[in-house]
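Each remark here refers to the structure printed beneath this line.
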Amino acid sequence: LVEGTTGKGDTLILLVNHFPSKRNIENEQHRIAIAQQLRHIMDTLLDAHPSAAIIAMGDFNAAPDEKEMRSILLKKSGCRFVNLMANKKGSGSYKYQGEWSFIDQIIVSENVTRKEGCRLQLKSEEGEVFNADFLLVDDERYLGKKTNRTYLGPRYNGGYSDHLPVYIDLYRTK
């Protein structure tokens, strides 16, 4: 969690996440508990800073429609947050066994999308995936492209990451 202000006094709060892998089935309840705790933290921050831009992002190891993500975004009291990757079209930010998916998420406080209540606003209604050519290599096994990874198992490959970066652009109103 990083909280700061812009030169104009706007509050920006970032929560960077890396959820546990789905590799072990026993992680499921742990992952849901982490998601619920994240939502509690986000609600607490928004209550304390109603005009802040709150952004939770990172590798959630879950697609937007999976349980962990629903635990963050659905509550009886209503949702004050929006997942900018939920309706994203395109290949994805992560490729596993030949399939691209969006397991890297960007969740923002709703006030950043409404053009009111927060002077920091989104330039686009969706998060973006940075897929520059230097981040990709040919995928000989599954065809197409795959990420240019730093490591292949224990062997250093000299690439960048097994995920493509996700991002948003913010601008200041007024």
Given charges at beta-carbon only (K, R positive; D, E negative), |dipole| of the chain in Debye: 260 debye
Quick one: which residues, 5+ away or cross-chain, put their amide H under 5 Å from the amide H of Ser91? H built at 1.01 Å from N. none
Averaging sequence separations of C-alpha pairs under 8 Å and six or more residues apart, then dividing by the length of the chain, give the relative contact order as a whole percent. 18 percent
Too long for a 18 Å Cα-Cα cut-off, among Lys123/Lys174; Lys115/Lys174; Lys88/Lys115, are Lys88/Lys115
Assign unit charges at the C-beta atoms only (+1 for Lys and Arg, -1 for Asp and Glu), then state the dipole size of segment 82-128 relative to its Cα centre in Debye, rounded to the nearest 20. 140 debye
Sum of side-chain charges, Gln97 neighbourhood, beta-carbon under 11 Å (Lys, Arg +1; Asp, Glu -1): +1
Just round it to a whole percent: the fraction of Cα-Cα distances in the chain exceeding 29 Å. 26 percent
What are the ³J(HN,Hα) values, in whole Hz, obtained from phi via the Karplus relation 6.51 cos²θ - 1.76 cosθ + 1.60 with θ = phi - 60°, for each residue of segment 155-167 in sequence order, with x given for Gly and Pro? 8, 5, 9, x, x, 10, 6, 8, 10, 8, x, 10, 7
According to a simple spin-label model (label point 7 Å from Cα along Cα-to-Cβ), what is the distance in nm between Thr44 and Asp65? 3.3 nm
At 1.4 Å probe size, with every protein chain present, just tell me what the per residue accessible area of the chain comes to in Å². 59 Å²
On the protein heavy atoms, probe 1.4 angstrom, tell me the percent of accessible surface of segment 1-159 carried by carbon and sulfur. 51 percent
For segment 53-111 versus segment 6-36, the gap between their alpha-carbon centres in whole angstrom: 10 Å
In debye to the nearest 20, the charge dipole size for segment 107-171, taken about the Cα centre with +1 at each Lys and Arg Cβ and -1 at each Asp and Glu Cβ, equals 180 debye
Evaluated at q = 0.11, 0.17, 0.28 Å⁻¹: base-10 log I(q)/I(0), Debye formula over Cα of segment 107-174: -0.44, -0.70, -1.19
Between Ser91 and Phe130, what is the label-to-label distance in nm when each label sits 7 Å out along the Cα-to-Cβ direction? 1.7 nm
For segment 13-62, just say rounded, prolate or oblate: build the C-alpha gyration tensor, square-root its eigenvalues into a ≥ b ≥ c, call rounded for a/c under 1.5, and beyond that prolate if a/b exceeds b/c, oblate if not. oblate
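The values are calculated or read from the model by the stated rules, or taken from the named source; none is laboratory data. Because the structure is a prediction, the values reported are computed rather than measured. In this analysis, Cβ positions are derived from the backbone assuming ideal geometry, glycine residues included, and neighbour counts consider all displayed protein chains. The area values use the complete protein model at the heavy-atom level, side chains included, leaving out ligands, DNA and RNA. Shrake-Rupley method; radii C 1.70, N 1.55, O 1.52, S 1.80 Å.
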